[in-house]
Structures are given as C-alpha cells and as structure tokens.
Amino acid sequence: MSITSLAAVPSAHRTAPVFRGRIGRDARSGHYAVPHRYRLHLSTACPDGLRLAVGHSLLGLDTRCPVTLLPAVPDGPGGGHAALRPLYEASAHRYTGPALAPVLSDDWSGRIVSTHTPDILRDLDRFRPGGDARLYPSGLESVIEAVERMCGEGVEEAAQRAGRAGADPAERAAALDILLDTLGRLERRLSGEEYLADGRLTAADIELWVTLVQLDTVHRCHLDASAVHRIAGHRALWAYARRLAAHPAFGRHLDLDAIARRHHGRCQGLEAAGAAVQILDWASHAADASDASRR
C-alpha cells in the first residue's frame, strides 16, 4: 500500500479529549507500565471501546490491565456513564461535563490517565513483556496512521454524509463516491494480502475492521439498497472482515445487540432501504470466534 496515497487523505475530526495522559517507559514519567495498576473502562458497543477491547485481547493483557465493561447505552447525563462519574470528579475539580467512555484509569490514585483512544491503544503496547511493540511495530507507524485517516475521513465520515437524511442529493452522491473510492483502494491492497501492513496484524487492522463493523451495522441502515450493493461488491475487503471476525481477539467482543441499542439510542436519522441488506452474517462469524477461543 502506498504511504503517499494514503497520507493524502485529510485527518478525520475527533472531539478534543478531556484527559490525555500517557504511559511512559519508567517511573520518571509518572505513569509507567506496571501490571495491575491501570484499568480500562469501555463499552464494546462503542467503536472506540471495541477498538480497545480488540487491541487489549491481541496483546494478551487480561491479567495485566483489567477491563470494566460499561452498558451499551450510557446511563448518565450528557451521554456519559454513571459509573465513571467518581473518576471524573476525582480527576478534575468541579467537573461538570459528561463522564464519557472509554477511560484508562490509574487504580493507585483513583484518577483518569486518558480518555483519548488513539493514545491509549498505543500505550497498551508498553504492557507487553519486554516492551516489544506488537500493534505499532517500528517502521510501520506512518502506514498505520494513514489507514486511520482513511477510515475516519474516507469511510466513517463519508458514510455519514452519504446517508444523512434531508441532505442535498448531490452532496450525498459525492460522499458515496468518496466512500466507494476509499473502499476500492483498500480492496486493491487486500487482494492477495492477509493484512494491511507487513503481513501481520497491527493497529491498522483493528481500525479497518471496526470501521467495517460500523459500516455494515450502523451506516448501512441509512443508505439505499443500490449503495449497499455497491459497497458489498468489494469482495476481498469483506472476506478480510469475515476472517478477522472469526479471530478470537476480534469476534468475541462483537455484541451486535448492544451496537443496535446504542445506535437506536443515538440516531436521529431515518432508516433507508439498505437497512434490509446485511453484508455479513456477523453473528455466525463471531460464534466461530467464540468456539475457537474455547479450544
């Protein structure tokens, strides 16, 4: 995959995080990677929560960094989680905003380290024994960041614009063209390749897989049937998504009912004909992942 062509995609807009601490390499950093000190709080119904859950499993951190699962539909004011309110109030004096997930917290201090998913995912690599990076291997950082931009701008945002109720038809068509062009570039990369970068699983694969889950389970519901058929025509891309869904680190975190409840709780748009045209049988592939994890 050409780094130049990927990097040309504009950076996706992300809401500014409230907390953005980092896990350093040693005690001088304040927050350093030691087992059992930190905890992830997330909902796998949320795309960022799903990214972190998959990364956490790929790194084998179940005993080194515990996870607290949160409800699919936030139960606190402003779209926040009631269970996270004490952490936010302990971390910011007179905090009045929503207690949003995901969160990486420090059990030693009872405070938040970070709410910024990309930083958290990068820092989870530091928990691996010996510090050997797995999700962000040396030399592949620019490729991974470029894939993240492609998924954010070329897929997520384009799909939202293509399915936006009440939008100008020309704007929707232009957004669909961007979406299909991006999927086509990824399709060409994955034709004959198992993974996106250097023949191994990296954070780029986590990003793309979660993006494809969202595209088929959420954004598809607001597109017309013709658009969904064109999206589904990228066979190598969806074969890749199906293969990863059967991987225990991916599929076992896929809660389709929770994703649907979160979507219906947040969505303000109208369902379109594409809602009836499911691209993948995610439940079946996730079941394969559960079977594999029990062997």
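Assorted remarks:
- Accessible carbon and sulfur surface of the chain relative to its total accessible area, %, 1.4 Å: 49
- Only Lys, Arg (+1) and Asp, Glu (-1) charged, at Cβ; the chain dipole about Cα centre in debye: 620
- Percent of Cα pairs exceeding the 25 Å cut-off, where the set is region 136-249: 20
- Gap separating the Cα centres of region 157-220 and region 14-77, nearest whole Å: 25
- Nearest 10 degrees, 0 to 90: helix 282-293 Cα axis against the chain principal axis: 40
- The GNM of the chain, with springs linking C-alpha atoms under 10 angstrom apart, assigns the highest mean-square fluctuation among P102, P74, P169 to P169.
- Principal-axis tilt of helix 256-266 within the chain, Cα atoms, nearest 10 degrees: 90
- The figure for E141 is an accessible area of roughly 80 square angstrom, using a 1.4 Å probe on the protein chains alone.
- Take the convex hull of the alpha carbons in the chain; its mean projected area over all directions comes to 15.8 nm².
- Ordered from largest to smallest accessible area (heavy atoms of protein chains, 1.4 Å probe), the residues H81, H253 come out as H253, H81.
- Accessible solvent surface per residue of region 47-182, calculated while the other protein chains remain in place, 1.4 angstrom probe, Å²: 42
- The gain in end-to-end length when the H229 to D107 segment is fully stretched comes to 39.2 nm, 0.36 nm per residue minus the alpha carbon separation.
- Accessible area, probe 1.4 Å, largest first, for residues L223, L100: L100, L223
- 222 nm mean residue ellipticity, helices alone, for the chain (DSSP H n ≥ 4; -39,500 (n - 2.57); rounded to 500): -13000 deg cm²/dmol
The values are calculated or read from the model by the stated rules, or taken from the named source; none is laboratory data. Being a predicted model, the structure only gives us computed values, none of them experimental. Reconstructed Cβ throughout: ideal geometry from the backbone, glycine too, with neighbour counts over all protein chains shown. Keep in mind that these areas ignore ligands, DNA and RNA; they rest on the heavy atoms of the full protein, side chains included. Shrake-Rupley method; radii C 1.70, N 1.55, O 1.52, S 1.80 Å.
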